Amino acid sequence: MTDFWWVVVPYVCLTVFVVGHVWRYRYDKFGWTTRSSQLYEDRWLRLGSPLFHFGMIGVFFGHVLGLGIPESWTEELGISDEAYHVVAVGGGVLAGAAAVAGLVILVLRRRLVGPVFSATTRMDKVMYAVLGVVICLGIWNTIAGSILNLGGEYDYREGVSVWFRGIFRGDLHPELMAEAPFGFQAHGLAAMLLFALWPFTRLVHVFSAPLGYLTRPYIVYRSRDGRPTAQPGSRRPRRGWDQAS
Amino acid sequence: MRVMAQMAMVMNLDKCIGCHTCSVTCKQTWTNRAGTEYVWFNNVETRPGQGYPRRYEDQERWRGGWTLTKRGRLTLRGGGRLKKLATIFSNPLLPSIDDYYEPWTYDYATLTNAPAQEHTPVARPRSLISGRTMKVSWSANWDDNLGGSVATWAGDPVLAKVSGEVKRSFEDAFMFYLPRICEHCLNPSCAASCPSGAIYKREEDGIVLVDQDRCRGWRMCVSGCPYKKVYFNHRTGKAEKCTFCFPRIEVGLPTVCSETCVGRLRYLGLVLYDADRVLDAASTPDEKDLYAAQRSVLLDPHDPEVIRAATRDGIPHDWIEAAQRSPIHALISTFEVALPLHPEYRTMPMVWYIPPLSPVVDVVRDTGSDAEDSDNLFAAIEALRIPIEYLAELFTAGDVSLVDGVLRKLAAMRSYMRDINLGREPNAAIPAAVGMSEEAMYDMYRLLALAKYDERYVIPKAHVEQAHALEELATECSLDYDGGPGMGGSGPFGEGSGAQAVPIAVENFAVLQARQTSDDVQSMGSGRVNLLNWDGKGAPPGLFPPRPDGQAPGEER
């Protein structure tokens, strides 16, 4: 059972994540968008969206630091455990709080503002639920595990992190997760579920982060010839060409 | 010098009667879909008025277009690349649906479904955004014909720039219509604002398009365009804009708005320009010099030097010839009567306007004087400072003398041609007063007043050898491959399934015209019978049920 939860499930989910994105990009470029609802409502969005997104960017880099970088590296740099702890918990709580506050504002807005709610798909609702669970479990782990030390001290850098890096290196340590506190287990599994859902939700827009804008020339010229159509002169009817009611 | 060709438009505002036919036909062609209810690629504004979306010309608020830095470098007014990325999660410069209007429909079903009752049932307006019943309080041309303008015209950003005492007498003296489409700028700030690089300018004809597969819905183009002519489709989450009807232009047909224009006021044609000088011209320090700067970017297609450079840069010979016959070149550079809309936005717009003389003529006529006399008209142009200042704020960044000059030419033409039409001796002094020869004046009259179809629209067809992907031309053969949709096949899951290819335009003009004007009866091809396209020649198989004697249907004994 340990192998199933901490080896099979992660590989299946990550495979779906990668293959799903390739499939989605090839077959649904037109549907690959942020699906912004700013046109409907922008007072709440102006507050909630930057809070959530900048919070999530912080959370992402926090995970890179915590999961991606082995403890031995920071030790070699002479960073003490206490210093790391302060940075990780301080930054984590700050970023996490911003993300949660933003998410609460955005979800309330989505439910309470009529036009935004009617533009919400079933997939959006599923995604919001899973995302909310993942974030709440993550916050719980930070507060309960690292600050309050409920259920004893647990160093995820010697447990969860080693397991996570092992998935990508083929160096499997399912036993480390089996020993981890329940909060970390649940957070890990919920995150895997989110990765599997990712390519089929609006979350794909994360991979469109337009960093190329910083280097490209302002005006883009393109030849008529360069149009990427399957057959010259014709194309499928586009999504969105249904008639106004 | 790097020569590029640009399809451009000029509108003769004197002829616009504000009938909105262009807007309606454009909407039926391009934006009659869910998500684009509020989108008007073409709209007609009454001036003075707020325009659509409301107060879009207030760049202090919307920060569209370009501006100069303190060191004189051209930069996006809404902020550069880093600022764009920093505000990407919530664009602070995006107009909300209230700045446009909340689109609606009526619940017509109640008119027939309502139970017997004392009062006549009414179809109430329902919002297409929220689905609820709503009170209609604004739309794309709510202040049409100055309707309700006493309440709203104080919001006209252009009027606010015209000196204060003018405003009172304004309503009686002055009104005109301003049809607007995308400007297909030489220096498009929408394209420059797009983080994804999805908006591009076509190398062949300069049409600015949004690649729907690359657009990610960041909405920066809507803010970047000072004319607010890029719209956000709230269903698909993608930006959409005027396409200059490129499938029609590619086969030599005018745009839908031009073709259906009742007043025949639109002109279409090519101009050649020097792409290397666009940035310099857009960076001209004084706003009032921008008109001249943009003129200087446009090249003379008769100049042998230009022709040589154009050939070198791959512009086909028939395109150069079309540029020489172009009515746009004539109106902008030869007669110098067309002016760009808001050159101070520094985007180098390519839809130009001939300012209206009619308000001046009306005033002269109302005073009982001869409204065709050039001296009277010249005097009125001098006297009517308010409308002239308003036109100058629209077309020349406030330089009154340029508008003055154009209106004098139009007045001179009116006066000079009256003598000819009445069989009197033409007065050569009138054209001379505005610096034109008699021949040039007559040519201008022919182009502006007679406005023959072939002279209004000089549209060279796109070249098949450059563009094997031509939408209109290629449809016929691309469908006809063996087993393809053109052979009557359909996908594995029934009709319409699978990778079925359909032409982008429902009516294929070139094909339809060829069939309608041919003498012989042609087969409709196999497959579904489409009575919409049936021209009455012959009977396509499947139109009638098979006859009992086994003879093919539609065949005479």
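All of the numbers you see were taken from the coordinates with simple rules; none came from a lab. Please read all numbers here as calculations on a predicted model, not as lab measurements. Virtual Cβ from ideal backbone geometry, glycine too; neighbours counted across all protein chains shown.
When the Cα positions of B:Thr133, B:Gln212, B:Phe174 are compared along the charge dipole of the range B:71-220, B:Gln212 comes out farthest toward the positive end, with charges on each C-beta of Lys, Arg, Asp and Glu.
The local environment of B:Glu439, defined by Cβ-Cβ distances under 15 Å, has a net charge of 0 under the rule Lys, Arg +1 and Asp, Glu -1. How long is the gain from B:Asn113 to B:Ile17 if the chain were fully straight, where each residue apart is worth 0.36 nm and the alpha carbon distance is subtracted? Between B:Asn113 and B:Ile17, full extension yields 30.6 nm more.
Taking the Cα centre of the protein assembly as shown as reference, the dipole from Cβ charges on Lys and Arg (+1) and Asp and Glu (-1) amounts to some 1560 debye.
If you take the Cα centroid of the range B:174-188 and the Cα centroid of the range A:175-227, the two points sit 40 Å apart. The range B:242-260 and the range A:37-97 have Cα centres separated by 52 Å. First check a/c for the range A:1-135, with a ≥ b ≥ c the square roots of the eigenvalues of its C-alpha gyration tensor; if it is under 1.5, answer rounded, and if not, answer prolate when a/b is larger than b/c or oblate otherwise. Since a/c reaches 1.5 but b/c is at least a/b, the shape of the range A:1-135 is classed as oblate.
In terms of its C-alpha gyration tensor, the range A:1-51 comes out oblate, because a/c is 1.5 or above while a/b does not outweigh b/c. In the protein assembly as shown, the calculated helix contribution to ellipticity at 222 nm averages -11000 deg cm²/dmol per residue, counting -39,500 (n - 2.57) for every DSSP H run with n ≥ 4. The antiparallel fraction among DSSP beta bridges confined to the protein assembly as shown stands at about 85%.
Note on the protein assembly as shown: along the principal axes its Cα atoms extend 109, 86, 77 Å, ordered by decreasing extent.
Please give the average number of partner chain Cβ atoms lying within 10 Å of the Cβ of each residue in B:337-343, rounded to a whole number.
Mean shielding count: 0.
Taking label points 7 Å from Cα along the Cα-to-Cβ direction, A:Ile147 and B:Arg73 give a separation of 4.4 nm. Positive end of the dipole of the range A:101-209 (Cβ unit charges, origin at the Cα centre): among A:Gly170, A:Asn149, A:Leu106, the Cα lying farthest that way belongs to A:Leu106.
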